[in-house]
1. For region 122-134, state whether one or more residues are within 16 Å of ligand 2 (Cβ to nearest atom) and in contact (Cβ under 8 Å) with a residue 24 or more places away in the chain.
2. Which residue out of SER300, SER255, SER236 is surrounded by fewer than 20 Cβ atoms within 10 Å (Cβ to Cβ), small (Gly, Ala, Ser) and either more than 19 Å from VAL45 (Cβ to Cβ) or within 18 Å of the chain's Cα centre (by Cα) (or both)?
3. Within region 194-213, can one find any residue that is more than 16 Å from ligand 1 (Cβ to nearest atom), without any contact (Cβ under 8 Å) to a residue 12 or more places away in the chain and either outside any helix (DSSP H, G or I) or more than 27 Å from ALA340 (Cβ to Cβ) (or both)?
4. For region 182-229, which positions are within 16 Å of ligand 2 (Cβ to nearest atom) and in contact with a His (Cβ under 6 Å, 6 or more places away or on another chain)?
5. Here are some residues: ALA68, ALA57. Which one is under 30 Å from ILE14 (Cα atoms), more than 21 Å from the chain's Cα centre (by Cα) and without any contact (Cβ under 8 Å) to a residue 24 or more places away in the chain?
6. Starting from region 19-32, keep only residues that are without any contact (Cβ under 8 Å) to a residue 24 or more places away in the chain, then list their pairs with residues that are outside any loop (DSSP other than H, G, I, E, B) and within 16 Å of ligand 2 (Cβ to nearest atom) whose Cβ atoms are within a distance under 6 Å, requiring at least 6 positions of separation or different chains.
7. Just for region 94-116: of the residues that are away from ligand 1 (no atom under 12 Å from the Cβ) and part of a loop (DSSP other than H, G, I, E, B), which one is farthest from CYS225 (Cα to Cα)?
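Nothing in this text is a laboratory measurement; each read-out follows from the coordinates by a stated rule. Given the structure is predicted, the values throughout are model-derived calculations rather than measurements. For neighbour counting, all protein chains shown are included, and Cβ atoms are generated from backbone atoms with ideal geometry for every residue, glycine included.
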Amino acid sequence: MSERRVHTDDITLIRPDDWHLHLRDGDALAAVVGASAAQFRRAIVMPNLRPPVTTVALAAAYRERILAALPAGSAFEPLMTLYQTDNTSAQQIRDAKASGIVHAVKLYPAGATTNSDAGVSDIRKARAALESMQREDLPLLVHGEVTDPAVDLFDRERVFIDQVMIPLRRDFPDLRVVFEHITTREAAQYVRDAEPGIGATITAHHLLYNRNAIFSGGLRPHWYCLPVLKRETHRSALVGAATSGNPRFFLGTDSAPHAQRLKEHASACAGCYTALHAIELYATAFELAGAIDRLEGFASVHGPAFYGLLPNTTRVRLRRERWEIPASLPFPGDAIVPLAAGETLEWRLAS
Ligand code: NCD
Ligand code: ZN
């Protein structure tokens, strides 16, 4: 029997969207937004600024700053989110839905990650806002890790499923929820098997790397993000989920820029910068899994469907071309080191 081997050097995709992105603000925003705009048509923009984006007025002003920072002629569309606190009211949720510019609300358990101190301290304090989101059909985006210092860092997502996610979905069965940047086999299985109304984003780095990447040849802070990279069994389960064709799984880079000096630091900031080469990283992961034909659904179709939006009408082209990821990129007062800096990619987005 002859072996059938499909070898592609050129792929066209419906232009993808990024359903989880950190753009920061001010000079940092200006330094990074062009990279996302070159790859994606739309992005769900995270609200964890300092101070956080907690109201429609703050979201509208932030949206204007993003639009003003875009390269001339860019069609990039920022989809805004609100940062949920213990004080987020039902009225604020109604205002958010009515605004047309806020597409979701982000729940950070207080202290779970970068700039999350103002997050929800106890899910019971969030009931009024959650009821309102359910009624208004405004999706909730969840950073799914418990913050209990007694729980091992590598177990915080798995424990969150039982302690928070399952009770939350039992109490609010019609609330649409995105389990953000999943990193474990347990989360992938939970999302696959749960009642309808759930989705999950998966980053390129969690598809390409396991936790060895953080420690190989020395402590490597550019591979440190939250939720942290996990064991190989988890990475391979995430690849299985992303390439399964199941519309519950979609692209969210979690590209999270930090200045080089804050990454290469005694207490390094969490976050991997992948905006520059996101779709190429995903293409690499899908090709390694023999599933490049499933990339378009994951990157360009499943996300809009979850958010009740149409897929984009334009297309992008990826070509097989070797190129080196730059060692560093401009960033205000410093530099930014992209994920896998200095390594070679086999795919390149045609401009
Ligand atoms: C994010 C950041 O830097 O804002 N960091 C990260 O490691 N992913 C916050 C987050 O999404 O958890
Ligand atoms: Zn994030």
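1. Checked region 122-134: no residue is within 16 Å of ligand 2 (Cβ to nearest atom) and in contact (Cβ under 8 Å) with a residue 24 or more places away in the chain.
2. SER236
3. Within region 194-213, one or more residues are more than 16 Å from ligand 1 (Cβ to nearest atom), without any contact (Cβ under 8 Å) to a residue 12 or more places away in the chain and either outside any helix (DSSP H, G or I) or more than 27 Å from ALA340 (Cβ to Cβ) (or both).
4. Scanning region 182-229 gives THR183, THR201, THR203.
5. Details: ALA57 fails: under 30 Å from ILE14 (Cα atoms).
Only one candidate qualifies: ALA68.
6. Hits for this filter: zero, empty list.
7. The selected residue is GLY100.
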